[in-house]
1. What's the total number of residues in the range A:99-138 that are of a type in the set (Phe, Trp, Tyr) and in a loop (DSSP other than H, G, I, E, B)?
2. I need the full set of residues from the range B:153-175 which are over 15 Å from the mean Cα position of the chain (by Cα) and more than 7 Å from chain A (Cβ to nearest Cβ), in order please.
3. Of the residues that make up the range A:251-265, is at least one more than 14 Å from chain B (Cβ to nearest Cβ) and not basic (Lys, Arg)?
4. Can you name the residue in the range B:213-230 that is more than 10 Å from every other protein chain (Cβ to nearest Cβ) and among the acidic types (Asp, Glu) and is also surrounded by the fewest Cβ atoms within 10 Å (Cβ to Cβ) among such residues?
5. Of all residues being touching a residue at least 24 places away in the same chain (Cβ under 8 Å), within 16 Å of the ligand (Cβ to nearest atom) and of a type outside the set (S, T, N, Q) in the range B:137-152, which is farthest from the other protein chains (Cβ to nearest Cβ)? Just the residue, please.
6. Taking interchain pairs and intrachain pairs at least six residues apart, which have beta carbon atoms under 9 angstrom, with the first residue in the range B:116-136 and under 14 Å from B:LEU96 (Cα atoms) and at pLDDT 95 or above and the second among the small types (Gly, Ala, Ser) and within 9 Å of the ligand (Cβ to nearest atom)?
7. On the given criteria, is B:THR182 closer than 18 Å to A:ASP259 by Cα, among the hydroxyl-bearing types (Ser, Thr, Tyr) and within 16 Å of the ligand (Cβ to nearest atom)?
8. Here is a list of conditions, (1) more than 24 Å from the chain's Cα centre (by Cα); (2) within 30 Å of B:PRO239 (Cβ to Cβ); (3) at pLDDT 95 or above, and A:ASP278 meets all of them except one; can you say which number that is?
Amino acid sequence: MPKPNRRVAICGGGIFRPDLWHGENAEEGVATAYQDLLRQCPNLEPDDIDAVMMSYFSDHLNQQLCMGWIIQDYLGLHNKPGYRVESGGSTPLDALINAYYLIQSGFFDVILIPGWEWMCEVDVASTNEMIASAADTDWDFPVGGYYNAYYAAMEVRHMQLYGETCEDLGRIAVKNHNNSTHIPFSQWLSQHGTAPITLEDYWKSRLVCWPYRVLNNAVMSEGACCILMAAEEKVNRFTDTPMWITGVGLGTDSMRPGDRTVDFVYAGFKDEAKIYPDFVKIPKTPYPDMANFASLHVAAKRAYAQAGITNPLKEIDLMELFTPYDGVELCLYEDLGLCGRGEGKYMIREGIVEYGGECPVLLSGGLTSTGHPVGATTLYYTTFLYWQLAGKVKEMCGPDGLQVPNAKRALITGHGGTGCQGGVIIFERD
Amino acid sequence: MEEEKGLTEIKLKVRSVKRERERKYRDYPAVVDKSTAAHDFWEPIVHLGLWDIKGHQIVKGPWGGGTVEQAKKRAPKEFMVIDRASFALYSHSYGLVSPFFRGLLEGKLMGTKCPKCGTVYCPPRAHCWNPQCKVADCFDNWVDLPSAGIIHTFTVQCLAAAPFEHMLPFSMGWVQVDGADTTLSMLLHIRPKELFIGKKVNIEFMPKESRKGDLMDLYAVAAIQDEKPPEWACLQKDPKEMESVENSTKATLEFIKNRYGIDNSPETRGW
Ligand SMILES: [Zn+2]
């Protein structure tokens, strides 16, 4: 484990809220988010920014390559070093980690991280097609596939092995949508208002790919967010409530989930083979199989080691998980070590991950309700965690905001492909 | 609109005017060429877009930063939204695993076997990914596989990406072909009420003349006729779920019939 050279913190986030459609185009949306950041950090001057780390996923959705150049130019930051990070859904988390590496190693002191995605220029079926081209286009895409189907099939396998039910997936959907109504920037709130939903609404929601219903799936969004990250020497200039990065971890897994039956690099988890019920043929690599997310498992291990965490459930106050489909949330409870393998269902049944529970997950509502403009997604949820650790949720979201009292330490994940890439960051306040 | 049509016709002519096709591999013999005629037909069509603006709308909508409430309180602005189209035809090589896809054309299933660790790959890998084998060559070590396997996992789709929408509803899944260590994605021509993990399937091929050389050339069918799913099968063990899947697939059938005039019902398709 490399020893950090110096401490690095998130100093604030500016938001251009996610919604199904915006009249503004991407550069105007990013500029609006940057304005918001400048308001949050009034001392921030363009000269303070050493480099720009840009987070956006698709070149297809807008038929624009090198969109990052437009953004840097539009913000008037085109004399700075600029980097684009792209790793599917993991893009914004990856951008944060890459910015962290560059600051921590001493190359730069202050990095601006703008993230955005404009996903609604083509019809939804075509957006799905363009996103699915992040899957293996020779092998997985041609078979009627897209991510809803891949993830549904993975959840079916997990469900068969460990016995969670559709109702468990429904409970997660209800929790997240209702959390989302407390976020005044939420896409769900913009389209459906603040009325809470129930399991009844969940059962009525249209089946997309069994077992996933509409309410289990990430939404399509347009939106932008700008994060400011700085080295400890500069932090005080921008904020009184820095959110320190105390652990980071990245992990990857096979491109095709179907290859995970013989996933040689994960042969180290074979001890867990006993979990397999009698009727299932045990694959050569019992973990992650085609059910769990090994990339996140190793990413979390790396981040926990750096942050000195041994019992994440006890030692972390709240989590923002990247869950494009609700089964991912259930699996991640296990992969992140909040519970044993196959026990994810109890986390939701026993209310452990609800507001007021031992470890609330997705108080933001997350990707299925509040919004998922890919390149901005994790930056929004990092901003929400920043408000949590700064104790500013009610200030930013109003009196209904779900502030976790005295929150000190939080975790966020990123997640690309079918878990082909994943990452974890641990945040702490002073 | 008429004027626009005329312009598009001219541009299409520019595109399709007979000239020798680019041959990036013109120095190498095309042992089989089922491409040139198709190319002449499709190349102009995929370029119908031509980056032309096909139309526009003026949309009055919310703008600016802040919360949903703040945005919706502002006087809306008028945004011009243009419709712009473009695309291209890709000539993509299947590389060293090309024999697999030629095998599909012949109705044959093959995998590669690592000469070092013995892992059998289907989907085939040209090089072994076992780190111990240091990307050992597998591409000259093909094994014939039987047209049979077991379902590793599956889903029932009532929604699909654009190219597959007209086929809805359908099931796709991953099948471990007998003798292979990895699993292959394919369509499952099996009704939801019979689908379960661990189910034995046979792999069948489309009629020879309609095979194209991708995984859509094959599909799985139940190996055992009218097999009753075991009591632990996750889809059928909850009758409420099964009913919801049946209702959703019915609604999807209706939707596809109305939208495309295609009848995908089990009575017509046979599954
Ligand atoms: Zn090998």
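1. Selection size over the range A:99-138: 2.
2. Passing the criteria: only B:VAL175.
3. Yes, some residue in the range A:251-265 is more than 14 Å from chain B (Cβ to nearest Cβ) and not basic (Lys, Arg).
4. B:ASP226
5. Taking the range B:137-152 as the starting set, the residues that turn out to be touching a residue at least 24 places away in the same chain (Cβ under 8 Å) are B:138-139, B:141-152.
From what is left, the residues that are within 16 Å of the ligand (Cβ to nearest atom) are B:138-139, B:141-143.
Going one step further and asking which of them are of a type outside the set (S, T, N, Q), we end up with B:138-139, B:142-143.
Working: B:CYS138: 13, B:PHE139: 15, B:TRP142: 17, B:VAL143: 15 Å.
For the range B:137-152, the residue satisfying everything is B:TRP142.
6. Partner pairs satisfying both residue conditions: B:HIS127/B:ALA136; B:CYS128/B:ALA136.
7. The answer is yes for B:THR182.
8. (3)
The values are calculated or read from the model by the stated rules, or taken from the named source; none is laboratory data. In this text, all values refer to a predicted model and were calculated from it rather than measured experimentally. Don't worry about glycine lacking a Cβ; one is built from the backbone with ideal geometry, like all the others, and counts go over all protein chains shown.
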